[in-house]
Amino acid sequence: MSEAHMLYPEDRIPLRRLVPMGLQHVVAMFGATVLAPVIMGFDPQTAIFFSGIGTLIFLASTRMRVPSYLGSSFSFIGPVLAVTGGSAARIPDALCGIAAAAVLYGIAAWVTIRRGPGWIDALMPPIVTGTVVALIGLNLAGSAVANAINSDFAIRNAHDLLVVAVALVTFLTAALVSIHARGFLRLLPVLVGVVVGYAVAAAAGLVDPQAIEAMRHAPWLGLPPFQTPRWSPHAILVIAPVFVVLVAENKGHIAAISAYLKRDLDRWLGRAFLGDSIATFVSAMGGGTPQTTYAENMGVMAITRVFSSWNFLMAASIAILLGLCPRFGMLIRTIPAPVLGGVTLILYGLIALMGVKIWMDAKVDFSDHRNLVIAGTSLIVSTGLGVRGVTVAGTNIAGIALGTVLALALHLLLRLGPRTGDEPLD
């Protein structure tokens, strides 16, 4: 699709097209939005419900000018587990820490709205934001490949080959639709890839019969199990500082969207922070996960060239319905791992390249050794840790979180000295 046919945030989409396009964004975010609460011990139905509520809050805060979907943040997994110890009984304590992080995030939003984004630009220039976006995609690479093959990364028998075949069919379908399809179909590569991959997986017997049975017995209508926070100073000290990662992720995502739209969205940065912080606070008040703008949905936008915020209004509405309809939510959860692996191979790759595009558009000078150190070290550390992260004194720190903090710290530390080593490496 040429730039002339790009749909911008304010462009409306007919309802007959908006429904499948919104559903495509739900499929893109669903795996991660469900996985994060499962790991942390939260209820997935509640997380899905509040992801829809949070996205509506974000769209209202940014006045529909910043197209984004809000889903469960992986950056909080380590600190939350450090507080709960895996015990569901201590989740209310963790919710207190998440709410505190949202309050600090809201203060950052207020400062940005009042004083402008200059302080954020100084703290997170393109070398940092590009690195943060790129490391998100690279950090998730292991998850995509594990879904496409298996967690052992080993092909031992015919079943493993069948799993890889389903992932390849899904991948190629999505890729070919995005490249060669015409008309409206070209705007649905992820959805078409998942449908075709699911059909092939079902024919090959790779759809979990227990998941199907669970879907059949799930009720059509039901409220998610809500919880409220419980005051915990310890949880506040452990979890609240993670708001810095949300600031960096949001800044990086807006920079990536700005680059694709060729628009400067920095004037909406404070309102984007505010929307994300309120969404996280509301989610914490009801027992949901912390919220963050989702790179997976940015990948869908990059493929389709459709940046209309109305897509996310529909996706949020569908997510709320999923939160109120356990059976439909269970249907989405029956999607086999290789099908998710096939589409995420594309989406996560695009996320990584969005970071590279931020560097290119900002003309980041990689003959400056400081830029090499900031980007290279952060990318290697984050990618090396992957989704498993590193455990320090019993506390797990996610690879994305550590890579983001490292990029910020190196930028602040290395800019203190005189510029040296600016000569080209060759």
Practice problem: Mind putting a number on the dipole of the chain about its Cα centre? Charges go on the C-beta only, +1 for Lys and Arg and -1 for Asp and Glu, and I need it in Debye to the nearest 20. | Solution: 840
Practice problem: Counting only trypsin sites (Lys or Arg not before Pro) that are in a DSSP loop and have at most 15 other C-beta atoms within 10 Å, tell me the longest site-free stretch of the chain. | Solution: 264-362
Quiz item: Hey, if you drop one equal point scatterer on each alpha-carbon of the chain and run the Debye formula without solvent, what base-10 log of I(q)/I(0) do you get at q = 0.06, 0.11 Å⁻¹?
Solution: -0.23, -0.81
Quiz item: Which helices pass in the chain if a helix is a full DSSP H run, must span at least 18 angstrom along its long axis by Cα, and must have mean Kyte-Doolittle hydropathy not below -0.5?
Solution: 15-40, 44-61, 91-115, 126-139, 158-180, 189-203, 243-261, 269-286, 309-324, 337-361, 369-385, 399-414
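How much length is gained if the chain between PHE153 and ARG115 is pulled fully straight, taking 0.36 nm per residue apart and subtracting their Cα-Cα distance, in nm to one decimal?
Extra length from PHE153 to ARG115 when fully extended: 8.8 nm.
In debye to the nearest 20, how big a dipole does the range 260-411 give about its Cα centre with +1 on each Lys and Arg Cβ and -1 on each Asp and Glu Cβ?
Details: 11 positive and 7 negative charges, 57 e Å.
Dipole about the Cα centre, nearest 20: 280 debye.
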Quiz item: Taking the Cα centre of the chain as the origin and placing charges on Cβ (Lys, Arg +1; Asp, Glu -1), which of SER367, ALA174, ALA316 is farthest toward the positive end of the dipole?
Solution: ALA316
Exercise. Starting from the Cα of ILE179, step 7 Å along the direction of its Cβ; do the same at ALA362; then give the gap between the two resulting points in nm.
Key: 3.1
Practice problem: Would you mind computing, in nm to one decimal, how far apart the modelled labels at ALA88 and ASP208 are, each placed 7 Å from Cα along Cα→Cβ? | Solution: 1.7
Practice problem: May I ask for log10 I(q)/I(0) of the range 58-206 at q = 0.09, 0.11 Å⁻¹, from a Debye sum over the Cα atoms as equal point scatterers with solvent left out? | Solution: -0.53, -0.77
Self-check item: Separation of alpha-carbon centers, the range 129-144 and the range 281-352, rounded to whole Å
Solution: 17
Quiz prompt | Helical mean residue ellipticity (222 nm; -39500 (n - 2.57) per DSSP H run of 4+; nearest 500) of the chain | solution = -22000 deg cm²/dmol
Quiz prompt | Charge tally in the Cβ shell below 12 Å around GLU10, where Lys, Arg are +1 and Asp, Glu are -1, GLU10 excluded | solution = +3
Exercise. Note down the net charge around ASN139, summing +1 for each Lys or Arg and -1 for each Asp or Glu among other residues with Cβ under 14 Å from its Cβ.
Key: -1
Quiz prompt | Residue (of GLY286, SER378, ILE346) at the positive-pole extreme of the chain, dipole from beta-carbon charges | solution = GLY286
Exercise. Over the chain, calculate the relative contact order: mean separation of alpha carbon pairs under 8 Å at least 6 apart, over the residue count, as a percent.
Key: 35
Quiz item: the range 90-109 to the range 170-238: how many Å between their Cα centroids?
Solution: 28
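Please report the equivalent ellipsoid semi-axes of the range 5-144, computed as sqrt(5 x eigenvalue) of the Cα gyration tensor, largest first, in whole Å.
Working: eigenvalues 141, 104, 57 Å².
So the equivalent ellipsoid measures 27, 23, 17 Å along its semi-axes.
Pulled fully out, how much extra length does the chain show between ILE380 and VAL19, if you take 0.36 nm times their separation in residues and subtract their Cα-Cα distance?
Numbers: separation 361, 0.36 × 361 = 129.96 nm, distance 3.96 nm.
Difference between extended and current length: 126.0 nm.
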Self-check item: Kirkwood Rh, angstrom, the range 239-299 [1 / mean 1/r, Cα pairs]
Solution: 12.3
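FYI, it's all coordinate maths here, none of it is from the lab. Predicted, not measured: the structure shown is a model, and the values here were computed from it. No Cβ is skipped: glycine too gets one built from the backbone with ideal geometry, and neighbour counts run over all protein chains shown.
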